[in-house]
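In what follows, a single structure is set out as structure tokens and then discussed.
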Amino acid sequence: MAPRWLVYALVLLAALSVVPFALIARSRASTSAQPHIQLILDMAKQPKLKTQTSNPLFADSRAMRPRVAGTVARGELEEDSAVWSGRDGGNWVTAFPVPVTERLMHRGQERYDIFCAPCHGLAGYGDGPVAKRADALQEGTWTPPSSYHTDLVRGRPVGHLFNTITYGIRNMSEYGSQIPVEDRWAIVLYVRALQRSQDASVGDVPPELRRQLR
């Protein structure tokens, strides 16, 4: 028969062996504001270099690295002039240079409601809340936004509308730095849909839906 002290020691060791598993189970079931202990960082935790700070890793001590000469970011080659500028050989493009899809239309509506509707209104008549507020103030410095439903704007090519969003026109500021290229085309597509909706005829309605018209 084993000595009593050995039995006690084995029982104690068995009890202690359960402690690590209990701690692991507790940590998985609870949350903590403290970061996990990492023995091997694997670049998971790195120093953050803010603007106007120095980085001793480089000889010039600049935290923000300049672009490598002769390189272009992926997707920023701008090789298709029609897509990136709305022009083809110096002329405004008249057809969309990107695939026209339902997804693009919905994206255009979303971006339009954010960037354009405050001035131009949800329906594009230039009666957005910003325009109404400016009219109410009567300060004499406000230029009303254009309606999309005039013959002048309806007659503009899609490339012209794209350029207007990119660089602005008259008192309208440019949005090229805020809205990506694909989103600009999405907005142009939605503007065309707004124009069509406000200048539609019975012939534009599918035959199976004409009975629902009042």
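The values are calculated or read from the model by the stated rules, or taken from the named source; none is laboratory data. Owing to the predicted nature of the structure, the values given are computational and were not obtained by experimental measurement. Cβ placement follows ideal geometry from the backbone for every residue including glycine, while neighbour counts extend to all protein chains displayed.
Out of the residues in region 40-89 meeting the condition of being among the charged types (D, E, K, R) and in contact (Cβ under 8 Å) with a residue 40 or more places away in the chain, tell me which one is nearest to Gly168 (Cα to Cα). Among residues in region 40-89 that are among the charged types (D, E, K, R) and in contact (Cβ under 8 Å) with a residue 40 or more places away in the chain, the one nearest to Gly168 (Cα to Cα) is Arg87.
Being of a type in the set (Ser, Thr, Tyr) and not in a loop (DSSP other than H, G, I, E, B) is the filter; apply it to region 9-46 and report the residue that is surrounded by the fewest Cβ atoms within 10 Å (Cβ to Cβ).
Initial filter on region 9-46 (of a type in the set (Ser, Thr, Tyr)): 17, 27, 30-32.
If we keep only those that are not in a loop (DSSP other than H, G, I, E, B) too, we end up with 17, 27.
Values: Ser17: 9, Ser27: 11.
Within region 9-46, the match that is surrounded by the fewest Cβ atoms within 10 Å (Cβ to Cβ) is Ser17.
What do you reckon, is Val191 modelled with pLDDT of 95 or more and either more than 25 Å from the chain's Cα centre (by Cα) or under 25 Å from Ser81 (Cβ atoms) (or both)? The answer is yes for Val191. Scanning region 33-88 for residues that are among the small types (Gly, Ala, Ser) and within 23 Å of Pro180 (Cβ to Cβ), we see that the one that is modelled with the lowest pLDDT is Gly75. The single condition among (1) closer than 30 Å to Val158 by Cα; (2) out of contact with any Phe, Trp or Tyr (no Cβ under 9 Å at 6 or more places or on another chain); (3) surrounded by 10 or more Cβ atoms within 10 Å (Cβ to Cβ) that Leu49 does not satisfy is (1). For region 129-177, a residue qualifies if it is in contact with a strand residue (DSSP E or B) (Cβ under 6 Å, 6 or more places away or on another chain) and either of a type in the set (Phe, Trp, Tyr) or not in a loop (DSSP other than H, G, I, E, B) (or both), and the qualifying residues are Gly159, His160. Condition check for Arg196 on (1) more than 16 Å from Ala123 (Cβ to Cβ); (2) among the charged types (D, E, K, R); (3) surrounded by fewer than 18 Cβ atoms within 10 Å (Cβ to Cβ): one failure, at (1).
Please determine, by comparing only the residues of region 159-181 that are surrounded by 17 or more Cβ atoms within 10 Å (Cβ to Cβ) and polar (S, T, N, Q), which one is nearest to Thr143 (Cα to Cα). Quick ask: steps written out before the conclusion?
The initial filter retains those residues of region 159-181 that are surrounded by 17 or more Cβ atoms within 10 Å (Cβ to Cβ), namely 159-166, 175, 179, 181.
Now restrict to residues that are polar (S, T, N, Q): 163-164, 166.
Numbers: Asn163: 20, Thr164: 16, Thr166: 19 Å.
Only one residue fits best here, namely Thr164.
Take the residues in region 109-126 that are part of a helix (DSSP H, G or I), of a type outside the set (Asp, Glu) and more than 10 Å from Leu194 (Cβ to Cβ); name whichever of them is farthest from the chain's Cα centre (by Cα). Here the residue is Cys119.
Close Cβ contacts (under 6 Å, 6 or more residues apart or on different chains) running from residues in region 157-186 that are within 18 Å of Asp80 (Cβ to Cβ) to residues that are polar (S, T, N, Q) and outside any loop (DSSP other than H, G, I, E, B) comprise Gly176/Thr166. If only residues of region 140-158 that are charged (D, E, K, R) and surrounded by 13 or more Cβ atoms within 10 Å (Cβ to Cβ) are counted, the one that is modelled with the lowest pLDDT is Arg154.
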